[in-house]
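Throughout, read-outs are computed from the coordinates displayed, never taken from laboratory work. Bear in mind that the values here come from a model prediction, so they are computed numbers and not experimental data. Here the Cβ positions follow ideal geometry from the backbone for every residue, glycine too, while neighbour counts run over all protein chains shown.
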Amino acid sequence: MLDRTDVRIFWQSLRAWGPREAVIDFTHYYRAKRHERADRFDERFGTETSRMVGIGSLAGLGANGADAIHYWPTRECEFTATLDSLGELDHDSFTFVDLGCGKGRVVLLAAAHPFRRVVGVDFSPALVEVARENVIRYTGPVKAPVVRVEACDAAEWVVPDGDLVIYMFNPFGPQVMTRVLANLNDAVRAQPRRLYLLYYSPEYPELVEEAGFRLLAEGSGENWGWAVYSCQ
Ligand SMILES: C[S@@+](CC[C@H](N)C(=O)[O-])C[C@H]1O[C@@H](n2cnc3c(N)ncnc32)[C@H](O)[C@@H]1O
């Protein structure tokens, strides 16, 4: 049975991408919603990450709101599989960043690993507030010593020093994606280091490859696939 959020999400996709893409997008969305019922992430960890939020219902996004994908969370098992495809990692050398973190589900899951820092970045003030609340309420395991959520447009975000694992769940369209990839590239040129990009539901792999990232691994889950790149 469809609810009001479902209908709103469908109309937003239809307006943004046309009928064919809207049907594909909605099919994924609805499957993800079904999986949420089975996974019960929020029930297990005392958070609120599951409810989808249409981009059209968020205020204060600025010009890049037009290039944004609505909020819904990564499925826990698919995040684990994506991160695992990096293989052995000396977590404490890396800062983990979820660009377009929404309500912070992936921030919480990454914090279970002993990363040097775990950072979420989202341009919606409302979603950032929910994510910060989730970091406080989360009852799952936390090994990262620093976990924080920043309110910032990914296109304007300043890349931090040191080794990085960057996660993106298809957060934005080609305009923002191109700027983000250029910023990541510039940061690696300015300070050579290890930078891995975990791209879940990789809608624009050609942009990543054109930007000179090297494909290391690919995988597929029940919801979406993923691709893992390094930036050299
Ligand atoms: C599909 S959701 C992914 C949520 C989270 N990363 C996860 O996997 O659970 C995409 C998120 O990207 C955010 N987003 C879209 N464009 C953005 C931008 N230009 N800067 C920062 N966040 C953005 C949206 O607000 C939304 O929360």
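List of remarks:
- Neighbour counts of C-beta atoms inside 10 Å place ASP98, ASP161, ASP42, ASP153 in the sequence ASP161, ASP42, ASP153, ASP98, starting with the fewest.
- Within the listed set GLU48, GLU88, GLU78, the residue fluctuating most in the Gaussian network model of the chain (springs between alpha-carbon atoms under 10 angstrom) is GLU88.
- Annotation: amide H-H contacts under 5 Å for CYS101 (H modelled 1.01 Å from N, sequence separation of 5 or more, or interchain): VAL121, ASP122.
- Percent of Cα-Cα distances greater than 26 Å, calculated over the range 119-232: 23 percent
- In sequence order, the range 55-62 has phi-based couplings of 4, x, 9, 9, 9, x, 8, x Hz under the Karplus curve 6.51 cos²θ - 1.76 cosθ + 1.60, θ = phi - 60°, and Gly or Pro positions carry x.
- Computed FRET value (nearest 0.05) for GLU133 with ARG8, which takes r as the C-beta separation and R₀ as 22 Å: 0.40
- Kyte-Doolittle at least -1.0, axis length at least 15 Å by Cα - qualifying DSSP helices, the chain: 4-17, 125-137, 174-190
- Listed residues TYR196, TYR138, TYR167, most fluctuating in the chain (Gaussian network, C-alpha, under 10 Å): TYR138
- Over the chain, the alpha carbon radius of gyration divided by the compact-protein estimate 2.2 N^0.38 Å works out to 0.95.
- Our coupling estimate for the range 157-167, obtained by passing each phi through the Karplus curve with A = 6.51, B = -1.76, C = 1.60 and θ = phi - 60°, is 5, 8, 5, x, 5, x, 5, 9, 10, 9, 10 Hz, Gly and Pro reported as x.
- Amide H contacts for THR74 (H built 1.01 Å from N in the peptide plane; partners 5 or more residues away or on another chain; cut-off under 5 Å): VAL106.
- Prolate/oblate/rounded call for the range 28-114, Cα gyration tensor, a/c under 1.5 rounded: oblate
- Neighbour-count order for TRP226, TRP11, fewest beta carbons within 10 angstrom listed first: TRP11, TRP226
- For the range 114-172, the average shadow cast by the Cα convex hull is 4.6 nm², which is a quarter of the hull's surface.
- GNM flexibility winner over the chain from ARG132, ARG117, ARG37 (Cα, springs under 10 Å): ARG37
- Sum of -39500 (n - 2.57) over DSSP H runs of 4+, divided by residues of the chain (222 nm, nearest 500): -12000 deg cm²/dmol
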